[in-house]
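Everything below concerns the one structure shown next.
The values are calculated or read from the model by the stated rules, or taken from the named source; none is laboratory data. None of these values were measured; they are calculated from a predicted model. Neighbour counts are summed over all protein chains in view; Cβ atoms, including those assigned to glycine, are modelled from backbone coordinates with ideal geometry.
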Amino acid sequence: MTTPPFDPPSAADIATVSHQLGRPARNVIGIAARCVCGAPTVVSTKPRLDDGTPFPTLYYLSHPAATAAVSTLEATSVMPELAALLTGDLGEAYRSAHLAYLADRNSIETVPEIDGISAGGMPERVKCLHALVGHSLAAGPGVNPIGDLALERCAWSPTVCECQDYAANGNRDSGSSLL
Ligand SMILES: [Zn+2]
C-alpha cells in the first residue's frame, strides 16, 4: 500500500497495467498497491491527464480478478446496505476518508475543476465500490471504512495471488490472447 509521493512506475509495471486494462496505460504516476506477487493492483494516475482532462480517480483498481470480484459484489444489495452505515462514527470516518483522498491527490497537483471531488461517492454516498476498494488498498486498513468492508466482503483478496501471467515469458512464446 502506498500513498504519495510514489516511486516512478517501472516499464514492467506499465506493461502489466496495460495488459490488465486491455489498452496502453497512460499518465500513470505510481503503483499504489500490489498483489503479493508484486503485480500492480491499484494504479495511480495524474490528476490532470496530458490532454488536459481532469482525472479525479487517483486510485484506480486495475487488477482484473479484483475488479470482477468487486463488480459481482456491487451486483448484490451491498451498496444500499453499506450506505445505511454512514451515520455516527462510521459516517464521520467516511468523511475523513474523503479528505484524505483529496489531500493525497492535491499533494501531487491541485486541479480546480475537481476541487472537493474525490471518488466512489464520498463523502456522503456509496456509488462505486471499485474506487473505494482502490482507496483502501492504497491507504491501508482503517482509512476508508466502506472500502475496507467491501474488500472484506468481495471474493478477491490482496493476499492471494490470482494473477494471469501477464508478463511471463510464456506469453511471448505462446501467442497468448493477452497480446
Ligand atoms: Zn499476483
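Hey, any hits in region 95-109 for a residue that's of a type in the set (Asp, Glu), farther than 20 Å from Glu162 by Cα, free of Cβ contacts under 8 Å to residues at least 60 places away in the same chain and surrounded by fewer than 20 Cβ atoms within 10 Å (Cβ to Cβ)?
no
Across region 18-38, which residue is farthest from the ligand (Cβ to nearest atom) among those that are assigned to a strand (DSSP E or B) and surrounded by fewer than 20 Cβ atoms within 10 Å (Cβ to Cβ)?
Residue satisfying both the conditions and the ranking: Ile29.
Would you pick out the residues in region 117-133 that are closer than 17 Å to Ser44 by Cα and either of a type in the set (A, V, I, L, M) or within 16 Å of the ligand (Cβ to nearest atom) (or both)?
Ile117, Ala119, Leu129, Ala131, Leu132, Val133
Quick one: what pairs do we get from region 22-41, first residue in contact (Cβ under 8 Å) with a residue 40 or more places away in the chain and over 10 Å from Ser62 (Cα atoms), second in a loop (DSSP other than H, G, I, E, B) and more than 16 Å from the ligand (Cβ to nearest atom), C-beta under 6 Å, 6+ apart or different chains?
Qualifying pairs under 6 Å: Ile29/Phe6; Ile29/Lys46; Ala32/Thr2.
Testing Thr57 on (1) over 17 Å from Ser136 (Cα atoms); (2) outside any strand (DSSP E or B), one condition comes back false. Which one is that?
Evaluating Thr57 over (1) over 17 Å from Ser136 (Cα atoms); (2) outside any strand (DSSP E or B) leaves (1) as the failure.
What number of residues within region 137-163 are more than 14 Å from His63 (Cα to Cα) and assigned to a helix (DSSP H, G or I)?
9
For region 55-83, how many residues are over 17 Å from the mean Cα position of the chain (by Cα) and loosely packed, with under 15 Cβ neighbours inside 10 Å?
Matching residues across region 55-83 total 5.
Given the structure, is Thr67 more than 16 Å from the ligand (Cβ to nearest atom), β-branched (Val, Ile, Thr) and out of contact with any Pro (no Cβ under 8 Å at 6 or more places or on another chain)?
no
Just checking, does region 71-84 include any residue being within 17 Å of Gly147 (Cβ to Cβ), of a type in the set (Ser, Thr, Tyr) and free of Cβ contacts under 8 Å to residues at least 24 places away in the same chain?
Yes, the conditions are met somewhere in region 71-84.
Okay, residues lined up against (1) touching a helix residue (DSSP H, G or I) at 6+ places or on another chain (Cβ under 9 Å); (2) farther than 21 Å from Arg26 by Cα; (3) of a type in the set (Val, Ile, Thr):
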| residue | (1), (2), (3) |
| --- | --- |
| Ser62 | yes, no, no |
| Ala66 | yes, no, no |
| Thr76 | yes, yes, yes |
| Glu113 | no, no, no |
| Gly120 | yes, yes, no |
| Leu149 | yes, yes, no |
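Might you let me know whether region 132-149 holds any residue that is surrounded by fewer than 24 Cβ atoms within 10 Å (Cβ to Cβ), over 28 Å from Ala65 (Cβ atoms) and modelled with pLDDT of 95 or more?
No, every residue in region 132-149 fails to be surrounded by fewer than 24 Cβ atoms within 10 Å (Cβ to Cβ), over 28 Å from Ala65 (Cβ atoms) and modelled with pLDDT of 95 or more.
Just to verify a result, which residue in region 39-59, among those that are aliphatic (A, V, I, L, M) and closer than 24 Å to Gln164 by Cβ, is farthest from the ligand (Cβ to nearest atom)?
For region 39-59, the residue satisfying everything is Val43.
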